[in-house]
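The values are calculated or read from the model by the stated rules, or taken from the named source; none is laboratory data. For clarity, every value in this text was computed on a predicted model and none was experimentally measured. Reconstructed Cβ throughout: ideal geometry from the backbone, glycine too, with neighbour counts over all protein chains shown.
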Amino acid sequence: MAASPASIYVHADARFRALVIGTAGLDCLHTGSRWTEGPVYLPATDELIWSDIPNNRLLRWSEGAGAGVFRQPSDYNNGNTLDREGRIVGCLHGARAVVRTEHDGSRTVLASHWQGKRLNSPNDVVVKSDGSIWFTDPAYGIDSDYEGHKADSEIGACNVYRIDGASGEITLVAGDMERPNGLAFSLDESRLYIADTGLTHRAGGPHHIRVFDVVDGARLRGGEVFATISPGLADGFRLDAHGNIWTSAGDGVHCYAPDGTLLGKVLVPEVVSNVVFGGPRGNRLFITATTSLYAVYLAVNGAARP
Ligand code: MG
């Protein structure tokens with residue numbers, strides 16, 4: 001099914017017209033999940049993988065075969081990305097760990113503890129070109145038994161961490177956030193965008209994306225608010241080839257220029273959690289939104305994969 005194309009675009013800035021296709025509608029590719037997240041596109045198989053966290057499963061979709069189960073149980077897998085060798089790196093609420101699936105199907109735990117304490121529930125993850133892996137660790141997966149296993153936080157804070165690509169050492173890179181969530185590097189990797197979705201657990205809490213300077217490729221500095229999302233939250237986001245940020249929001253997908261200007265929106269009939277560019281040409285934006293997976297063709301391609 002497809003929504004009327006013209007009705008799904010909200011233009012907030014003249015630059016948005018060059019990014020969208022007025023005749024391209026919103027496709028609903030699958031529905032029937034509880035809370036979808038973690039979309040990742042596999043170019044090798046032209047396949048979209050995503051999470052249905054409360055149902056403890058990963059789903060798959062491709063143009064020819066449609067939708068099916070990719071892995072169940074998924075250990076309450078949330079965010080996913082691909083590393084430089086095409087392996088899925090996933091955030092597992094159940095294991096409270098960042099885990100890489102090897103080409104032979106075996107799993108390698110990349111991070112489960114920090115300073116001897118268990119992580120909360122890694123949420124989203126990104127791989128930098130130097131092989132380091134950066135991830136957020138809010139407590140959504142231990143708050144209740146809905147998206148993982150209810151438990152107290154051992155660390156007592158929700159932080160952002162970096163896994164060194166060579167040594168595997170885990171270091172804290174941001175410790176001043178309430179609920180760090182989605183994250184993505186700028187095209188030149190000089191900046192790291194990190195969402196804070198603290199509004200979910202505190203009235204008046206943050207619902208914005210912050211931007212940090214990356215220092216020596218391994219540390220963060222600054223962290224001013226880049227964009228405040230309304231309605232809703234920047235649960236997850238990805239960049240296009242021009243460096244624009246396409247982020248989840250309460251009424252759809254919002255697109256921000258690198259200067260922080262809201263360019264426009266793609267309206268989606270369910271609360272959006274995350275997005276990823278995919279398709280053979282990289283010009284299709286896949287959107288996980290509450291119970292469903294949607295997609296829309298854009299006039300812009302996704303950023304080159306790290
Ligand atoms: Mg998230």
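With the condition kept exactly as written, say whether any residue in the stretch 229-252 is of a type in the set (Ser, Thr, Tyr), away from the ligand (no atom under 16 Å from the Cβ) and touching a residue at least 24 places away in the same chain (Cβ under 8 Å).
no
So, in the stretch 247-306, of the ones that are among the small types (Gly, Ala, Ser) and in a loop (DSSP other than H, G, I, E, B), which residue ends up nearest to Leu48 (Cα to Cα)?
Only one residue tops the list, namely Gly279.
Tell me, please, whether a residue that is surrounded by fewer than 18 Cβ atoms within 10 Å (Cβ to Cβ), among the β-branched types (Val, Ile, Thr) and modelled with pLDDT of 95 or more can be found in the stretch 62-78.
Yes, some residue in the stretch 62-78 is surrounded by fewer than 18 Cβ atoms within 10 Å (Cβ to Cβ), among the β-branched types (Val, Ile, Thr) and modelled with pLDDT of 95 or more.
Which condition number in (1) within 23 Å of Pro39 (Cα to Cα); (2) in a strand (DSSP E or B); (3) out of contact with any His (no Cβ under 6 Å at 6 or more places or on another chain) is the one that Phe226 fails?
Only one criterion is unmet by Phe226, namely (1).
Scanning the stretch 15-53 for residues that are among the charged types (D, E, K, R) and surrounded by 17 or more Cβ atoms within 10 Å (Cβ to Cβ), which turns out nearest to the ligand (Cβ to nearest atom)?
Residue satisfying both the conditions and the ranking: Glu37.
Are there any pairs, at least 6 apart or on different chains, whose C-beta atoms fall under 6 Å, with the first in the stretch 89-100 and in contact (Cβ under 8 Å) with a residue 40 or more places away in the chain and among the hydroxyl-bearing types (Ser, Thr, Tyr) and the second part of a strand (DSSP E or B) and surrounded by fewer than 24 Cβ atoms within 10 Å (Cβ to Cβ), and if so, which?
Short answer, once both residue conditions are applied: none.
Is there any pair with a first residue in the stretch 29-47 that is on the phi > 0 side of the Ramachandran plot and a second that is within 16 Å of the ligand (Cβ to nearest atom) and small (Gly, Ala, Ser) whose Cβ atoms are under 7 Å apart and which are 6 or more apart or on different chains, and what are they?
Gly38/Ser51; Gly38/Gly79
Is there any pair linking a residue in the stretch 187-198 that is on the phi < 0 side of the Ramachandran plot to one that is among the acidic types (Asp, Glu) and more than 11 Å from the ligand (Cβ to nearest atom), with Cβ under 9 Å and at least six apart or on different chains, and which?
Ser190/Asp213; Arg191/Asp213; Leu192/Asp213; Asp196/Glu178; Thr197/Glu178; Gly198/Glu178
Looking at Gly204, Gly175 in this structure, which one is in contact with a strand residue (DSSP E or B) (Cβ under 8 Å, 6 or more places away or on another chain) and more than 14 Å from the ligand (Cβ to nearest atom)?
On the way: Gly204 fails: in contact with a strand residue (DSSP E or B) (Cβ under 8 Å, 6 or more places away or on another chain).
One residue alone meets the criteria, Gly175.
Which is more than 20 Å from Gly94 (Cβ to Cβ) and within 16 Å of the ligand (Cβ to nearest atom), of Leu183, Leu187?
Result: Leu183 is the single residue among Leu183, Leu187 that is more than 20 Å from Gly94 (Cβ to Cβ) and within 16 Å of the ligand (Cβ to nearest atom).
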